[in-house]
Amino acid sequence: MKRREFLKAVGVGTAAAFGLPHIALSQARPVKVGVLLPLTGPFAFAGQAGLEGWRDAAEYVNEVLGGIGGRKLELLVEDTGYDVAKATAAFNRIVSRERPEDLLFVYGDSTGTAKALAPELTRLGLPFSGTTFSNELADPEKYPTIYIFGPTYNDMFEALLRQIQRTKARARVALVYSNTEFGRDPIPYAKKRAPELRMEIVHEEVTPTSFTDATSIILNLRRANPDFVILQGYALSVEPLILRTAREQGLKATFMGTYYSSDLALIQRAGPAAEGFIVTYHNPYWYDTLNQGVQELLRFRQRKGRDTSYRPTYYMGSATVMFAVAEAMRRAAQAGKLSRAGLAEYLEKIEDYTALGLSRGYKFVNHRLPQTKLYRANTRTGRFDAITDWVVLG
């Protein structure tokens, strides 16, 4: 599809196709989105990359798509340091100073932040999402305003366990996870599901989120002799170290991880030890240049004079959420329902939207998008190669 035809198909007019605003934004108050990210602290690399994605997508909405019903989209960015107390304080600052009719969505930095804010989000009727894929949060009865823009960790583990089942009958599986909500979240599901798929959990290893020596972990794994090892709850803080140590110690198991282990940084840091590492991932990679959304973001950054080298998974995920939220806002505005309740209504109605090709779609099931692909690390090319088509998980 030619670029102009593509832009027309997603509702962008001729002026926008030449990089000009679709329509002039009115002087009305902006529509605001609160963005609470760890711009400092242990996950600052993820927060800063994510912020790039939020800003690029928001600017694209304003400059190419004409904003939200003629109103400018504005981000309210706060640093959390990946600390629930700081995130809560930042949220309270934003909510206290902004008008409810202007502040329509908030994005947070963790499962802990989402749970801490949940009662107030419900009271305010304020739609929310975050970096979390917590299974518990994908419950519209308990958390009516929280949306998970991807599969839950249970969904991701289901995809990995199905891959194990396809690969080896009666496989022996080890679970290595951090002692955090992030790490523990899918473990009960894995322990229940594995026997149903006729595989055995032969070892569990619970660790801090970061450490500098993985020798004891690998020795324990060697004694357990698993066929597969699933890592959860680290966000690249220790996966490369574990993989390098496993290679040095001669452990032959296949290692796996979920969304936050899926970035190219894993291959770059682990080197040859990353070969064959399998991950779940539900956005295109920046190097998927046949993807229309990637092409649009690449051209947009070129026009802005911004770095067009590889953008990490945190960038892709953030941009995808921003596009989806903006589209729901645009549809709500067209229906005369641009409000928190209207945004929630239209988030449930955008299943035909694909965020310029960055998503398979937004058909929420229990406020999550139960779909992913599996990729395998290829150290010769330095990329993750898709090994499945979309795996739809109920």
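The values are calculated or read from the model by the stated rules, or taken from the named source; none is laboratory data. Just so you know, these numbers come straight off a predicted model, no measurement behind them. Note: ideal-geometry Cβ built from the backbone for every residue, glycine included; neighbour counts use all protein chains shown.
Each row is one residue, and each column tells you yes or no for (1) of a type outside the set (A, V, I, L, M, F, W, C); (2) outside the structural domain of residue 345 (by TED's automatic domain parsing); (3) without any contact (Cβ under 8 Å) to a residue 60 or more places away in the chain.
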| site | (1), (2), (3) |
| --- | --- |
| 49 | no, no, no |
| 52 | yes, no, no |
| 61 | no, no, no |
| 69 | yes, no, no |
| 93 | yes, no, yes |
| 112 | yes, no, no |
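Looking only at the stretch 370-388, which residues are closer than 24 Å to residue 296 by Cβ and in contact with a strand residue (DSSP E or B) (Cβ under 7 Å, 6 or more places away or on another chain)? Scanning the stretch 370-388 gives 371, 372, 373, 375, 384, 385, 386. Against the conditions (1) part of a loop (DSSP other than H, G, I, E, B); (2) without any contact (Cβ under 8 Å) to a residue 40 or more places away in the chain; (3) out of contact with any Asp or Glu (no Cβ under 9 Å at 6 or more places or on another chain); (4) within 22 Å of residue 294 (Cβ to Cβ), residue 361 satisfies every one except (3).
Among 363, 373, which is loosely packed, with under 15 Cβ neighbours inside 10 Å, under 17 Å from the mean Cα position of the chain (by Cα) and under 30 Å from residue 161 (Cβ atoms)? Break it down into steps so the answer makes sense when it comes.
Values: 373 fails: loosely packed, with under 15 Cβ neighbours inside 10 Å.
Within the list 363, 373, the selection yields 363.
The test for being modelled with pLDDT of 95 or more, acidic (Asp, Glu) and in the same structural domain as residue 170 (by TED's automatic domain parsing) holds for residue 239.
With within 14 Å of the chain's Cα centre (by Cα) and small (Gly, Ala, Ser) as the only criterion, which of 324, 341, 332, 386 stands out? Talk me through it step by step, then tell me what you get.
Details: 341 fails: within 14 Å of the chain's Cα centre (by Cα); 332 fails: within 14 Å of the chain's Cα centre (by Cα); 386 fails: within 14 Å of the chain's Cα centre (by Cα).
After ruling out the rest, the residue left standing is 324.
The helices (runs of 4 or more DSSP H) found entirely in the stretch 2-95 that carry 1 or more residues being surrounded by fewer than 22 Cβ atoms within 10 Å (Cβ to Cβ), under 23 Å from the mean Cα position of the chain (by Cα) and at pLDDT 95 or above are 44-63.
Taken residue by residue, the stretch 271-280 has no member that is under 30 Å from residue 60 (Cβ atoms), aromatic (Phe, Trp, Tyr) and modelled with pLDDT of 95 or more.
The condition of being within 15 Å of residue 149 (Cβ to Cβ) and either within 15 Å of the chain's Cα centre (by Cα) or among the small types (Gly, Ala, Ser) (or both) holds for only one of 368, 311, that being 368. Considered as a group, the residues in the stretch 232-264 that are of a type in the set (Gly, Ala, Ser) and touching a residue at least 60 places away in the same chain (Cβ under 8 Å) include one that is surrounded by the most Cβ atoms within 10 Å (Cβ to Cβ), and that residue is 262.
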